[in-house]
Amino acid sequence: MDVALSKNGARILKAFFALVVVFLYAPIVVLLVFSFNKATIPAFPLSGFTLHWYHEFLSNSELKSSLKTSAIVAAISSVGAVFLGILSAIALVRHRFRGTGAVSALLLSPLVIPYVVFGLALLLLFHTAGIPRSIFTVVIGHIVITLPYTILVLMPRLQQIDVTLEEAAYDLGAGRVRTFVSITLPLLLPAVVSAYLIAFTTSFDEYAVASFVVGTQATFPIYLYAALRFPSNLPQVIAVAVVVISISLFVVIAAEIGRRVAERRLGAEG
Amino acid sequence: MAVEARTEQLAEPRPRRRRYRPSMSVPGLLGLPVAWLAVFFLVPIGIVAGYSVNLLSFGSVFGPASHGFTLQAWHDFLHSGVYLRLFWKSVKMSLLVSIAIVVLAYPLAYYLALSGTKRKYVLLLLLIAPFLTSYLLRVLAWKVILGDNGVLNSFFFWTGLRSPEHPFSQLLYSRFAVMLVLGYIWLPFVALPIFVSLESLDRGLLEAASDLGASRLTAFRKVTLPLSLPGVVAAFLFVFIPTIGEFVTPSLVGGANGYMYGNQIVDLFETGFPDWQTGSVLAIFLLGVVVLLTLVFSRFLQPRQVTAG
């Protein structure tokens, strides 16, 4: 006898699980269906298949430049966040020092701050210091909010890496940098990649903070938000939505598979 | 540092270990991250606090100059009642959403952790994946679905279940829409901490309960539920904390009815008559509540709850 669930209980929970999954994916399927629909207003009945909206968004320069801006912001800010994350994670995992609690509380605190508060706080900082808003002000904000995620991903992996490997390299004459580059970093790499992807996707999708500190060059979420408030070219936006959601689902799944494969391999070696 | 290391080395029975210093010193490692957060996180919050008590004001360069310390804006905030009522409304909406989805997510996490299914990580990924796709685009989907002439209504007209003269109005631009969308967005994420706490549950305890004559329900009430409570509290806070200050979803699907405290803060900074001082008071108050919640429940907010799996 199973102590946690009866047969019927398991069946009911399975059905419930399936129901929730349908609820979670149905809106995405709705977008998919209407991205191929001819009518300019998404409504039933369906009025025929078209690829028009995909063609149209591919020639929408405003939209494309916002995607490019977001890609640049995400690429830079995630490199920054991962770099700071690696430094923080090494300090927190490999060293014992006074005030560990306070430091890790500070490093993780951006996780709980309401983005509306952080966004306007940054706005006031840049205003007070006389720094004009640009994509770099967005990058600065995104590094702050993604840093805790990178630390949370890197720390557990770093804890698993055997210190004696680093000691061995050091004893054999490798310097600090050499030890880090040829021992620690390769072992940490799966987590670095996960951290980078999480930081990248978070930044790429971030609207709340960006809305306060963005300059004239709109990021993709900023463009999207404006398009959502005044839905004159809704079908186009739906087509973009389908592309972006598909890519992010693909990346999420690929990253997860990659991480498992890499960790299994490294686990076998260790 | 060097002297300290040397004395430790002498005290240590295995000196070889102590010689090993492959990474930089703590200040070298933490200097940059801590400085970054000090300058771009703590100082900005200090500036907001400064604005809220008029040490800084709109248009000033650094320095208090002609601006004097006053708690007037705080006094007005606490006595007018308008903003506090709005705050309370947002708290109620956010509470309702958080409780509802924790209740919905619990059986999902229970199924994944305890049904013995072999594909639990695949199913977990299936559940979480939507959370990792674009937030705004998921809001967009509901806007398309819920509108008066949207997918849902037009489906009912088309199939004749409802006449076009009588659409289900109030679906979009309502408090209901805001709560539905917030629930939709956060549901996958909430399952995670609950899953982690159930996953780490020792099944031996359930077997012991069963051997001692407890029914499954009793075992659940006396063993599983209490042991998974930290995960439940964490899940609740992970949704409740970010949704109290929510302003994006209400501004897209909320209309006047779904207006939340976060929208008020944005409006005080961005509309035709900006009032940065009052806006800063609202922001610091919200931050204070969130910090208080975090401190009170900090023992439930373990980072490992979102990293496992």
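Condition test on residue A:129, is it surrounded by 15 or more Cβ atoms within 10 Å (Cβ to Cβ) and without any contact (Cβ under 8 Å) to a residue 12 or more places away in the chain?
Here the answer is no, as residue A:129 does not meet what is asked.
Filter region A:223-262 for residues that are of a type in the set (Asp, Glu) and more than 8 Å from chain B (Cβ to nearest Cβ) and give the result. It would help to see each step written out before you state the result.
Of region A:223-262, the ones of a type in the set (Asp, Glu) are A:256.
Passing the criteria: none in range.
Which of the residues spanning region A:84-109 are modelled with pLDDT under 90, over 17 Å from residue A:176 (Cα atoms) and at the interface with another protein chain (Cβ under 7 Å from one of its Cβ atoms)?
Within region A:84-109, just A:97 meets the criteria.
Could you say which residue among A:163, A:213 is at pLDDT 90 or above and of a type in the set (Val, Ile, Thr)?
A:213
When you scan region A:20-29, do you find a residue that is within 12 Å of another protein chain (Cβ to nearest Cβ) and in a loop (DSSP other than H, G, I, E, B), even just one? Show your work before the answer.
First, the residues of region A:20-29 that are within 12 Å of another protein chain (Cβ to nearest Cβ): A:20-29.
Within this subset, residues satisfying the condition of being in a loop (DSSP other than H, G, I, E, B) are none.
No, region A:20-29 contains no residue that is within 12 Å of another protein chain (Cβ to nearest Cβ) and in a loop (DSSP other than H, G, I, E, B).
Would you list the helices (runs of 4 or more DSSP H) that sit entirely within region B:165-263 and hold 1 or more residues that are crowded, with 23+ Cβ neighbours inside 10 Å?
Filter on region B:165-263 gives B:175-199, B:225-244, B:248-253.
Suppose we filter region B:89-109 for residues that are at the interface with chain A (Cβ under 10 Å from one of its Cβ atoms) and surrounded by fewer than 23 Cβ atoms within 10 Å (Cβ to Cβ); how many remain?
Selection size over region B:89-109: 2.
Determine whether residue B:191 is away from chain A (no Cβ under 12 Å), touching a residue at least 40 places away in the same chain (Cβ under 8 Å), touching a Phe, Trp or Tyr at 6+ places or on another chain (Cβ under 9 Å) and small (Gly, Ala, Ser). Working first, answer last.
Working: away from chain A (no Cβ under 12 Å): no; touching a residue at least 40 places away in the same chain (Cβ under 8 Å): yes; touching a Phe, Trp or Tyr at 6+ places or on another chain (Cβ under 9 Å): yes; small (Gly, Ala, Ser): yes.
Answer is no for this residue.
Given the criterion surrounded by 15 or more Cβ atoms within 10 Å (Cβ to Cβ), assigned to a helix (DSSP H, G or I) and out of contact with any helix residue (DSSP H, G or I) (no Cβ under 6 Å at 6 or more places or on another chain), identify the matching residue among A:247, A:253, A:238, A:257.
Matching residue, one of A:247, A:253, A:238, A:257: A:253.
Of these, B:200, B:298, B:228, which one is of a type in the set (Ser, Thr, Tyr) and touching a helix residue (DSSP H, G or I) at 6+ places or on another chain (Cβ under 6 Å)?
Answer to the selection: B:228.
Surrounded by 17 or more Cβ atoms within 10 Å (Cβ to Cβ) and either of a type in the set (Lys, Arg) or touching a Leu at 6+ places or on another chain (Cβ under 9 Å) (or both): which single residue out of A:91, A:39 fits that description?
Being surrounded by 17 or more Cβ atoms within 10 Å (Cβ to Cβ) and either of a type in the set (Lys, Arg) or touching a Leu at 6+ places or on another chain (Cβ under 9 Å) (or both) holds for just one of A:91, A:39, which is A:91.
Can you pull out the residues in region B:130-177 that are of a type in the set (Asp, Glu) and in contact (Cβ under 8 Å) with a residue 24 or more places away in the chain?
B:148, the sole residue that qualifies.
Of all residues being farther than 22 Å from residue B:133 by Cβ and either in a helix (DSSP H, G or I) or touching a residue at least 60 places away in the same chain (Cβ under 8 Å) (or both) in region A:40-55, which is farthest from the other protein chains (Cβ to nearest Cβ)? Just the residue, please.
A:55
The values are calculated or read from the model by the stated rules, or taken from the named source; none is laboratory data. In this text the structure is predicted, and so the values were computed from the model without any measurement. So basically every Cβ, Gly included, is an ideal-geometry build from the backbone, and we count neighbours across all protein chains shown.
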